[in-house]
1. Can you list the helices (runs of 4 or more DSSP H) lying wholly within the stretch 1-96 that have 3 or more residues being outside the structural domain of residue 160 (by TED's automatic domain parsing) and modelled with pLDDT under 50?
2. With the stretch 177-235 as the region, which strands (runs of 3 or more DSSP E) entirely inside it contain at least 3 residues that are within 10 Å of the chain's Cα centre (by Cα) and surrounded by 15 or more Cβ atoms within 10 Å (Cβ to Cβ)?
3. Taking residue 202 as the residue in question, decide whether it is more than 25 Å from residue 58 (Cα to Cα), of a type in the set (Val, Ile, Thr) and not assigned by TED's automatic domain parsing to the domain that holds residue 60.
4. How about the stretch 167-226: which of its residues are polar (S, T, N, Q) and out of contact with any Asp or Glu (no Cβ under 7 Å at 6 or more places or on another chain)?
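The values are calculated or read from the model by the stated rules, or taken from the named source; none is laboratory data. On a predicted model such as this, the values are computed, not experimentally measured, just so you know. Every residue, glycine as well, gets a Cβ built from its backbone with ideal geometry; the counts of neighbours run over all protein chains shown.
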Amino acid sequence: MLALTACGGSQAVAPVGSYKPYSKKSNKPIKAPTVYNVKKGDTLFSISWRYGYDHKTLAKINKIKSPYTIYVGQKLRFKSSQSSTRKTTVSKKTTTKKSTVNKQTPTTSSNKKLTWRWPTSGKIISTYSKSAAGRKGIDIAGRSGQKIVAAAAGKVVYSGNGLPRYGNLLIIKHNDVYLSAYAHNKTLLVKEGQFVKSGQKIALLGRSGTQSNQLHFEIRRNGKPVDPVRFLPKK
């Protein structure tokens with residue numbers, strides 16, 4: 001698994017950046033549960049990220065409106081129930097009518113084209129792969145304490161270490177389509193709910209959740225990983 005295997009010892013590190021969490025026993029992907037019980041430190045975005053879901057889809061299934069507040073002990077479903085489907089069909093006329101009324105509403109500025117920048121400097125030691133588990137982003141080698149910056153402006157929707165193998169992790173929501181993640185940090189410098197500018201210092205590079213100093217960086221479009229290099233400026 002390239003940079004995420006034993007860089008400083010004999011014990012391999014489980015894959016990071018996969019669609020789903022991995023079983024400690026079999027090291028195989030675990031399917032999203034039918035019902036997930038929200039734990040302390042969870043956000044709708046971190047739960048969606050863990051299971052490879054679009055946060056908007058998960059919010060819609062569970063009838064959670066923006067800003068997507070959830071609470072400890074809340075039960076989240078990953079599939080719509082039959083009653084929900086029936087209710088959607090019944091109210092289809094009303095929804096269509098409302099859409100027609102608001103047809104001339106301009107697109108929000110949050111969905112304008114994004115200008116991306118590199119989150120840190122350094123050599124890429126692991127590239128993105130659509131098929132290989134654990135390579136849903138890129139790994140950039142660096143020095144401990146090196147500056148990590150926001151790759152684009154947005155809102156911090158997760159700041160913590162509750163996702164296995166990511167270590168100290170930040171997730172930034174840039175608009176309704178794109179999210180970016182910054183893993184293995186030594187120190188997190190921004191909090192959930194905070195708005196950050198493109199290029200703003202958000203963390204210090206480290207080795208939490210891995211065995212060498214590096215940044216694991218991902219971009220997800222509608223919940224699915226895409227190759228970050230396609231979006232970042234050429235060096």
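1. Result: 82-90.
2. Working: elements: 178-185, 201-204, 214-221, 224-226.
Result: 178-185, 214-221.
3. Values: more than 25 Å from residue 58 (Cα to Cα): yes; of a type in the set (Val, Ile, Thr): yes; not assigned by TED's automatic domain parsing to the domain that holds residue 60: yes.
Against the criterion (more than 25 Å from residue 58 (Cα to Cα), of a type in the set (Val, Ile, Thr) and not assigned by TED's automatic domain parsing to the domain that holds residue 60), residue 202 qualifies.
4. Pass one, the stretch 167-226, residues polar (S, T, N, Q): 168, 175, 180, 185, 187, 194, 198, 200, 208, 210-214, 222.
Result: 168, 175, 185, 187, 194, 198, 200, 208, 210, 211, 212, 213.
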